[in-house]
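Down below is the structure, laid out as structure tokens.
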Amino acid sequence: MASILSRPIKIGRMELKNRMVMAPMGVTVGNLSPASVAYFAARAEGGAAMVFCNIRASLAFESGEHSIYLNDETEPLFRALAERCHAHDCKLAAQIQPGDGRIGGPSVRYKVPISASACPWMHVPRMRCHALTIDEIHELEEDFRRSVQVALRSGADCVGIHAYGGYLTDQFLTKRWNTRTDEYGGDLDGRMRFLKELIAISKEVGGADFPVIVKYCPDHYLPAEEGYRGIEEGLELTRKLIECGVDALHVDAGSHDSWYLAMPPDYIQEMTLQARSAKAVKEISTVPVLTHGRYSDVEKGESVLCHGVCDFTVIGRGLLADPEIPNKLAEGRAEDIRPCISCNEGCIARSYALKNATCAVNPICGHEIDGGIPKAKTPLRVLVVGAGPGGCTAALYAKQAGHEVELWEKSATIGGNAFAASQPYFKTDMHALLSWYKLQLAKAGVPVRYGREANHDNVAEWKPDRIIWAAGGAPIMPKSISGLDGYSVYSATDALRNLVDVGERIVMVGGGMVGIEAALHFDKMGKQVTVIEMAKKMLPQPMFKMNGDLLKKMMRESGITFRTSTKLVSVDSTRTHTAVTVEGPEGEDTIECDTVLMALGFAPTSKIGDTLSDICPVISIGDAVETRKILYATTDAYNAVLGLENPETIDFSDKG
């Protein structure tokens, strides 16, 4: 029996072949281009029932230099995208965004952002936004009308109206940001007026039965008494949207004031709040309900459909990780779906940094126009050293290219340092990725030699033509600190791998991401944890805001003792007693503990790989070169394989 995810369903007059829809996630900075057409089209080819293409409605008030905007130049590209979608029985939806408002930058007309009212600018709260005049609202609506007209004549099957997440339309809808006293403010009907007029325009252009979908947040999951929307008003809004004639409701959660709810990082493993809101909407809705929330995990997708949460699953990041999710599910190959790890690093973080997006586990994402992995002209004998994400990716791509490949891993498990990173209770998504690597390596016929540490003799005996050195980084244990060779001093990664006894009282040395995640893990286990960090704040290295905000919230809610501006002076550790001497703002003091865990980062190992260069060319990638995120290890792996036959041509630069 076919998965419920694979069953057809209608939105108004429009029949969709399954219940998996691609979320409006573009990857290229700037307007529609051949590369972005290839990116969207790959998801249509992969079996999505519908692809949302995100489009900016107007350039009259806000800059559109980083967004897709339909004009004479891009209309042929949008038409080409529609044709490629339709060739795979995939619908194309134009999700049209009226504007950013208070969450964006200054208006092109004013020195401050526009908004529904003169509310505080999110990034500089002491400054007030420009409240759009009625004439300006009408100007914006006419630009919206033009965008709908261009989308329809170019082949769009429906229109999605962007009204969620604290963006401009949601600012009109929400009491916190809309304090107008004219017809566009006041009660809910007044605050809905702008959105109602956008719906009416869409129906006027497309016809009464033209499918219109509204994406909105019934619940901001922030205090309603502070003007945010709670679920009761959200359900009233839902009823009024249905009365306006919308054909489907796309339910989201949160706003930019709690943005990690909208794009949950890997720290949220439970079912997302979108499901809670969608279920409440579904109970009263007479039109189909779409929602998202990590439904590339098809078990979760099946669950929300079976439990009446929604009618469609909307997949964003998951389809960046694997464009073939719907096809693989339909073919009975769910185990081959490459898992998204919800890291946000390759997609959303890069978009916010105005770089072309990609995917940490699928470096081909955003580069579909380049054609993927070409077949090797001269197949080589390739040894990959290290079975972390970079090494596994390199081995799979090299095998796909037609090379003879073997993968050596000195430990007994796939994953490298990512295996340790997957151990905290809030990182279980990573387990799925490591299991996927193991299965795909077996299916591809790549031998994996566990417990084999590369040295000159055994590598020379294997006689490789190329070595990809993906051995990662080694934990830093500064020799200048006395006592680090003591009885109960270990690396945080060994502790996370359950290779050591941590006792009940832990001192974590290093308040970077590894140290904090490990500390939270052991705190959850009931351990007494103290984290010391030399810098003036924990997490001194920059993190993507969405991830960092949630991690800091978890820190505040933990029982961990955090000590900043504090350095480790020495460790005194024997079988019966362990203590550390630290120096902080108040001078030196001693912390009694059972275990000292070191989380001071990782030292590159590429110099070890270089000692093998007399055997054959050695290409070092990932943390073996520089400690960075998984995104960079897998991207390095992709570039390394592309250049295996001509290593001198390999370009490891950031192409974003």
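Just for the range 513-543: of the residues that are in a helix (DSSP H, G or I) and acidic (Asp, Glu), which one is most open to solvent (accessible area, probe 1.4 Å)?
Of the residues in the range 513-543, the ones in a helix (DSSP H, G or I) are 513-524.
From the residues that got through so far, the ones that are acidic (Asp, Glu) too are 517, 523.
Working: GLU517: 14, ASP523: 38 Å².
The selected residue is ASP523.
Report yes if THR590 is of a type in the set (Ser, Thr, Tyr), free of Cβ contacts under 8 Å to residues at least 24 places away in the same chain and touching a Gly at 6+ places or on another chain (Cβ under 6 Å), otherwise no.
Values: of a type in the set (Ser, Thr, Tyr): yes; free of Cβ contacts under 8 Å to residues at least 24 places away in the same chain: yes; touching a Gly at 6+ places or on another chain (Cβ under 6 Å): no.
Here the answer is no, as THR590 does not meet what is asked.
Restricting attention to the range 252-306, which residues are of a type in the set (Ser, Thr, Tyr) and part of a strand (DSSP E or B)?
First, pick out the residues of the range 252-306 that are of a type in the set (Ser, Thr, Tyr): 255, 258, 260, 267, 272, 277, 285-286, 291, 295-296, 303.
Listed by number, the list holds a single entry, THR291.
Could you say which residue among ILE516, ILE476, ILE468 is within 20 Å of SER570 (Cα to Cα) and of a type outside the set (D, E, K, R)?
Working: ILE516 fails: within 20 Å of SER570 (Cα to Cα); ILE468 fails: within 20 Å of SER570 (Cα to Cα).
Answer to the check: ILE476.
Within the range 633-650, can you find the residues that are in contact (Cβ under 8 Å) with a residue 60 or more places away in the chain and more than 20 Å from GLU368 (Cβ to Cβ)?
ALA633, LEU644, GLU645, PRO647
Could you tell me how many of the residues in the range 189-221 are on the phi < 0 side of the Ramachandran plot, surrounded by fewer than 18 Cβ atoms within 10 Å (Cβ to Cβ) and not in a helix (DSSP H, G or I)?
Residues flagged as on the phi < 0 side of the Ramachandran plot, surrounded by fewer than 18 Cβ atoms within 10 Å (Cβ to Cβ) and not in a helix (DSSP H, G or I) within the range 189-221 amount to 2.
If you take just the strands (runs of 3 or more DSSP E) that sit entirely in the range 406-490, which of them hold at least 2 residues that are touching a residue at least 24 places away in the same chain (Cβ under 8 Å) and open to solvent by 30 Å² or more (accessible area, probe 1.4 Å)? Outline the logic, then answer.
Values: elements: 448-450, 466-469, 473-475.
Fully inside the range 406-490 and qualifying: 448-450, 473-475.
Go through (1) within 28 Å of GLY234 (Cα to Cα); (2) open to solvent by less than 30 Å² (accessible area, probe 1.4 Å); (3) assigned to a helix (DSSP H, G or I) for ALA151 and report which single condition fails.
(1)
How many residues does the range 544-578 contain that are in contact with a helix residue (DSSP H, G or I) (Cβ under 7 Å, 6 or more places away or on another chain) and closer than 13 Å to MET513 by Cβ?
So the count comes out to 5.
I need the full set of residues from the range 391-435 which are of a type outside the set (Phe, Trp, Tyr), within 22 Å of SER296 (Cβ to Cβ) and out of contact with any Leu (no Cβ under 8 Å at 6 or more places or on another chain), in order please.
Matches in the range 391-435: THR393, GLN400, LYS427, THR428, ASP429, MET430, HIS431, ALA432, LEU433, LEU434, SER435.
Which of the strands (runs of 3 or more DSSP E) contained wholly in the range 17-109 include at least 2 residues that are open to solvent by less than 10 Å² (accessible area, probe 1.4 Å) and within 14 Å of ALA156 (Cα to Cα)? Spell out how you get there, then give the answer.
Working: elements: 20-22, 50-56, 91-97.
Strands (runs of 3 or more DSSP E) meeting the threshold: 50-56, 91-97.
The values are calculated or read from the model by the stated rules, or taken from the named source; none is laboratory data. Not measured: the values here are computed from a predicted model. We place every Cβ from the backbone using ideal geometry, glycine too, and count neighbours over all the protein chains shown. Note: accessible area is taken over every heavy atom of the protein model, side chains too, but ligands, DNA and RNA are not part of it. Shrake-Rupley method; radii C 1.70, N 1.55, O 1.52, S 1.80 Å.
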